[in-house]
Amino acid sequence: MIGECIKCEMHHRLMTLIDSYANEYLIQQNQGGNRDNMARINKSDKNAKVNQLLSGMEKSVAESFTFKQRKALRKSMTTQDWRIHNVDFRPTLALPFLPWSFYVVFLVGINRRELLPAERFIAFTMFLLAIFVFGLIFMGCVFVLIYLLKSWLGIDLFPNESLGIWDKVKNYF
């Protein structure tokens with residue numbers, strides 16, 4: 001019971017700290033700041049954030065963190081890799097005479113999270129479908145090339161029957 005209370009308190013303090021840093025970042029952005037402002041934070045400030053977080057814990061709990069765990073805490077508080085996308089298109093549509101505005105988000109990037117079993121099944125199915133469609137298109141192109149080669153060589157399998165593809169190709173050349 002006491003261990004659960006400590007975990008809840010640690011989680012609450014961590015979330016409060018992360019929210020405060022997120023709010024500071026948003027305030028900087030709204031005041032005309034840019035990404036360069038975030039790059040100016042030096043390493044001692046990053047360590048100060050972790051130290052502030054650990055100072056709010058019981059001493060025995062704070063001392064139980066290894067260097068690797070402290071480094072992971074610092075990284076989780078300072079990086080926002082989840083915001084980086086190859087394509088990030090977020091237009092907003094404000095219609096006249098309506099009190100609402102609508103937005104569309106289109107993001108493309110590498111998925112860094114673990115897929116659920118249902119998502120894994122859908123991804124595998126879409127992969128098989130893509131291979132099948134690509135295979136059909138490839139086989140169609142191969143058959144057309146074989147047909148053109150046959151017609152170029154003058155091989156006539158069915159007398160007086162033609163698809164007319166060879167005649168159209170000959171007209172271009």
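The values are calculated or read from the model by the stated rules, or taken from the named source; none is laboratory data. As the structure is a computational prediction, the values presented were derived from the model and not from experiment. Note that each Cβ is placed from the backbone with ideal geometry, even for glycine, and that neighbours are counted across all protein chains shown.
Worth a mention:
- Residues of the stretch 95-110 that are surrounded by 10 or more Cβ atoms within 10 Å (Cβ to Cβ) and outside any loop (DSSP other than H, G, I, E, B): F102, F106, L107.
- In the stretch 118-136, the residues that are within 19 Å of the chain's Cα centre (by Cα) and under 27 Å from I84 (Cβ atoms): A118, E119, R120, I122, A123, F124, M126, F127
- Qualifying residue in the stretch 111-119 (condition: within 30 Å of Q52 (Cα to Cα), at pLDDT below 90 and in a loop (DSSP other than H, G, I, E, B)): yes
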